[in-house]
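Written below as structure tokens is the structure these notes are about.
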């Protein structure tokens, strides 16, 4: 068995952000992942990623994250394990938008590529020089990007996809690569069983394993989680509001969680128009009390609220740019999450239209 984590894991809650990820390391080590991809871990900046990596028992891997000063890799490109008598490399791809659409501090001294140029060379290396028999690519590019990548790059046996948080009830096969993605927030664990003969997968079965009350907790892991949360449990349980509808982010154009967020931003800034990022993370909040910990779940980086003056033309240009990052015909150019969240603005659009021509009507 090979166990993999696809990143965004060491972020997203107050305990993670307050400790710059280090508080989660003991639990990650207890879960014994064989390798890990990265994205939001870079919110702690490259030095923070290195500190986390030094404490993890198994590596973060990426062939597409380079140091600017010498073009060398910032993280190990792959890890090799032997399971069931097979030599299995896990080659990593970090999220390539970190240096393009995220704060500059996240990628200071680094640059990121799609990885479609580097990956074939590393696949040849592990097959020809390391004796690899079953190649796994652990990718945080996103599902559309990974489908394109698999079509371009030969020699991938299994592609574990991340970033776009798709709930895939069945795996797909592209150019011989089995591609799976398993949603988010530990709602499921993706399981792929394969039958291998003479170094080739001849049969496979994919399933999503629901993480629910039917599973008995591992006592050691449960104790580590409790110990991690104990210091802030009472503070994060403070009730600061109430919701009469479930708050979630699982819609392309707008969603209840973000409707609440942009309304709060507009009220705090005393404006009639407000915008917020198009994030795909943030576990749902059920009907009932909203706790302080829920707010950190909604906006774990706690960014400042800024105000500015914009013309109608500038608002249109900004939204068109966001729509291109979301719906670009070339998956490699897709760099957003969902459509930008907004209050005080109504947009009628054609997602399939070409760049800069998606907005039909705009009302402010």
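Scan region 109-124 for residues that are on the phi < 0 side of the Ramachandran plot and surrounded by 16 or more Cβ atoms within 10 Å (Cβ to Cβ) and report the count. Steps first, answer last, please.
So in region 109-124, the residues on the phi < 0 side of the Ramachandran plot come out as 110-114, 116-124.
Still in the running and surrounded by 16 or more Cβ atoms within 10 Å (Cβ to Cβ): 110-114, 116, 118-119, 122-123.
Number satisfying all stated conditions: 10.
Restricting 267, 320 to those that are touching a strand residue (DSSP E or B) at 6+ places or on another chain (Cβ under 7 Å) and assigned to a helix (DSSP H, G or I) reduces the list to 320.
When the residues of region 59-71 are filtered to those that are within 24 Å of the chain's Cα centre (by Cα) and surrounded by fewer than 15 Cβ atoms within 10 Å (Cβ to Cβ), the one that is nearest to residue 4 (Cα to Cα) is 67. Among the conditions (1) surrounded by 12 or more Cβ atoms within 10 Å (Cβ to Cβ); (2) in contact with a helix residue (DSSP H, G or I) (Cβ under 9 Å, 6 or more places away or on another chain), residue 220 misses just one, which is (1). Taking region 161-232 as the region of interest, the strands (runs of 3 or more DSSP E) fully inside it that hold 3 or more residues being free of Cβ contacts under 8 Å to residues at least 40 places away in the same chain and in contact with a strand residue (DSSP E or B) (Cβ under 6 Å, 6 or more places away or on another chain) are 177-180, 188-197, 200-210.
The number of residues in region 103-138 that are assigned to a loop (DSSP other than H, G, I, E, B) and farther than 19 Å from residue 164 by Cβ comes to 11.
Quick one: how many residues across region 145-165 are under 21 Å from residue 329 (Cα atoms) and surrounded by fewer than 17 Cβ atoms within 10 Å (Cβ to Cβ)?
Kept after step one, since they are under 21 Å from residue 329 (Cα atoms), are these residues of region 145-165: 145-153, 161-165.
Remaining after also requiring surrounded by fewer than 17 Cβ atoms within 10 Å (Cβ to Cβ): 151-152.
So the answer is 2.
Out of region 293-317, which residues are assigned to a loop (DSSP other than H, G, I, E, B), without any contact (Cβ under 8 Å) to a residue 60 or more places away in the chain and either more than 18 Å from residue 280 (Cβ to Cβ) or outside the structural domain of residue 263 (by TED's automatic domain parsing) (or both)?
At the first step, the residues of region 293-317 found to be assigned to a loop (DSSP other than H, G, I, E, B) are 299-311.
Checking the rest, the ones that are also without any contact (Cβ under 8 Å) to a residue 60 or more places away in the chain come to 299, 303-311.
Passing the criteria: 304, 305, 306, 307, 308, 309, 310, 311.
Give the residue, chosen from 226, 258, that is closer than 27 Å to residue 10 by Cβ, buried (at least 19 other Cβ atoms within 10 Å of the Cβ) and either outside the structural domain of residue 349 (by TED's automatic domain parsing) or in contact with a helix residue (DSSP H, G or I) (Cβ under 9 Å, 6 or more places away or on another chain) (or both). Let's see the steps before the verdict.
Working: 226 fails: buried (at least 19 other Cβ atoms within 10 Å of the Cβ).
Of the residues listed, the single one that is closer than 27 Å to residue 10 by Cβ, buried (at least 19 other Cβ atoms within 10 Å of the Cβ) and either outside the structural domain of residue 349 (by TED's automatic domain parsing) or in contact with a helix residue (DSSP H, G or I) (Cβ under 9 Å, 6 or more places away or on another chain) (or both) is 258.
Collect the residues in region 172-189 that are within 27 Å of residue 10 (Cα to Cα) and crowded, with 20+ Cβ neighbours inside 10 Å, keeping them in residue-number order. If the condition is that a residue be within 27 Å of residue 10 (Cα to Cα) and crowded, with 20+ Cβ neighbours inside 10 Å, then 178, 179, 180, 181, 182, 184 are the ones that fit.
Here's the yes/no breakdown for (1) within 16 Å of the chain's Cα centre (by Cα); (2) under 27 Å from residue 145 (Cα atoms); (3) in the same structural domain as residue 186 (by TED's automatic domain parsing); (4) modelled with pLDDT of 95 or more:
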| residue | (1), (2), (3), (4) |
| --- | --- |
| 15 | no, no, yes, yes |
| 29 | no, no, yes, yes |
| 81 | no, yes, yes, yes |
| 101 | yes, yes, yes, no |
| 112 | yes, yes, yes, yes |
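Between 119, 93, 110, which is in contact with a strand residue (DSSP E or B) (Cβ under 8 Å, 6 or more places away or on another chain) and touching a residue at least 60 places away in the same chain (Cβ under 8 Å)? Give the derivation first.
On the way: 119 fails: touching a residue at least 60 places away in the same chain (Cβ under 8 Å); 93 fails: touching a residue at least 60 places away in the same chain (Cβ under 8 Å).
Only one candidate passes the filter, namely 110.
Limited to region 274-307, what total is found for residues that are on the phi > 0 side of the Ramachandran plot and either modelled with pLDDT of 95 or more or more than 19 Å from the chain's Cα centre (by Cα) (or both)? Count: 1.
The values are calculated or read from the model by the stated rules, or taken from the named source; none is laboratory data. Computed from a predicted structure; not experimentally measured. Note that each Cβ is placed from the backbone with ideal geometry, even for glycine, and that neighbours are counted across all protein chains shown.
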